[in-house]
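Okay, so here's the structure we're looking at.
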Amino acid sequence: MRDLLFVGCGGFIGAVARYGVSRALAGAALPLGTLLVNVAGSFAIGALWAWMEAGSGQETHRQFVAVGLLGALTTFSTFSLEAVLLMREGALGAAALVVVLNVVLALGAARLGMAVVG
């Protein structure tokens, strides 16, 4: 139950932050709010991972920040971390496949969802 509380509280903060950034940057020619949260979230999850690998963090930090806050702010951060970890392990083919599949299938799924409903 405690784990859910950490994830939920972090998720609330991340979702509100994403909404705030998107509102603040609304009206630009490009979706800059999404770009900003994706880049910032990817940086933050990489920094958190390195901090935890150095033995500085606890599981509650991961639950609150990585799963909750960054998960609600952007799932792109998790995707970025997973791809980087595969590259770091030398699994370049798997990393490339993950990148291509996530981008192509997610875009295709969004388009399919639009076609099914609209």
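The values are calculated or read from the model by the stated rules, or taken from the named source; none is laboratory data. Note that the structure is predicted; figures quoted are calculated from it, not measured. Cβ coordinates were reconstructed from backbone atoms using ideal geometry, including for glycine residues, and neighbour counts include every protein chain displayed.
For residues that are crowded, with 20+ Cβ neighbours inside 10 Å and polar (S, T, N, Q), scanning just region 56-79, find the one that is farthest from Gly33 (Cα to Cα).
Result: Gln63.
Being over 21 Å from Leu85 (Cβ atoms) and hydroxyl-bearing (Ser, Thr, Tyr) is the filter; apply it to region 1-55 and report the residue that is modelled with the lowest pLDDT.
Checked region 1-55; the qualifying residue modelled with the lowest pLDDT is Thr34.
Can you name the condition, by its number, that Gly41 falls short on among (1) crowded, with 18+ Cβ neighbours inside 10 Å; (2) in contact (Cβ under 8 Å) with a residue 60 or more places away in the chain?
Gly41 satisfies all of (1) crowded, with 18+ Cβ neighbours inside 10 Å; (2) in contact (Cβ under 8 Å) with a residue 60 or more places away in the chain except (2).
Could you grab me the full set of residues in region 1-23 that are within 20 Å of Arg62 (Cβ to Cβ) and not small (Gly, Ala, Ser)?
Scanning region 1-23 gives Met1, Arg2, Asp3, Leu4, Leu5, Phe6, Val7, Cys9, Phe12, Ile13, Arg18.
For Ala26, all conditions in the list (1) in contact with a helix residue (DSSP H, G or I) (Cβ under 8 Å, 6 or more places away or on another chain); (2) hydrophobic (A, V, I, L, M, F, W, C); (3) in a helix (DSSP H, G or I) hold save one; what is the number of the exception?
Unmet condition: (3).
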